[in-house]
Amino acid sequence: MASQPIALMALTVAGASYLMWLGIRTFTRPAVPQAGMAQQSTSWARWAFKGACVSGLNPKVTLLFLALLPQFVDPSALWPVPLQIVALGLVHIISSGIVYLLVGHCSQAVLKTWPVAAALVSRASGAAMVAIAMLLLADQFLPR
């Protein structure tokens, strides 16, 4: 993409436009959980599968593995390089899973208790998405 400036610009503008739309939508219609609201599915396995799909399809995971993990691989180590990458990947997956579970559980408890806080967090997230989209667009169109 870097060798095709027009394609890179089009991709950036499309991504920034989508991010702007998401941000405006999140800001104007914040999701507010209700204290008595039950989950659509009570199956823990279903929620775990859904989370794994969302995280697994995120392109940042691939970028992390390509950019970060090779720095920690030692070709002269006793373990072969592919096994080192797998081990590092598993450490990342396990630690991320623990963090996601803790953040999800704690935020669910707090945000269900304080719906105003949930609306504020949603609006702040929407505003952040709009600001990032505007920065991406400004970077594309303003002279340097």
- Can you send over the carbon and sulfur percentage of the accessible area for the chain, probe radius 1.4 Å, protein chains only? 75 percent
- Query: If ligands, DNA and RNA are left out, what is the accessible area of residue 25 with a 1.4 Å probe, given in Å² to the nearest 10?
  - Reply: 110 Å²
- Message: Report D for the chain in µm² per second (integer): Stokes-Einstein, Kirkwood Rh on Cα pairs, 10 °C, 1.306 mPa s.
- Response: 85 µm²/s
- Note on the structure: Pseudo-spin-label distance residue 50 to residue 110, built 7 Å along Cα→Cβ, given in nm, is 2.2 nm
- Item | R0 of 30 Å, Cβ-Cβ distance residue 6-residue 119: FRET efficiency to nearest 0.05 | 0.15
- What is the magnitude of the charge dipole of the chain about its Cα centre, with +1 placed on the Cβ of each Lys and Arg, -1 on the Cβ of each Asp and Glu, and no other charges, expressed in debye to the nearest 20? 480 debye
- Query: By how many nm would the segment from residue 101 to residue 73 grow when fully extended, if each residue of separation counts as 0.36 nm and the alpha-carbon distance is taken off?
  - Reply: 7.3 nm
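The values are calculated or read from the model by the stated rules, or taken from the named source; none is laboratory data. Computed from a predicted structure; not experimentally measured. Quick reminder, even Gly has a Cβ in these numbers, built from the backbone with ideal geometry, and neighbours come from all protein chains shown. Note: areas computed on protein heavy atoms with side chains; ligands, DNA, RNA excluded. Shrake-Rupley method; radii C 1.70, N 1.55, O 1.52, S 1.80 Å.
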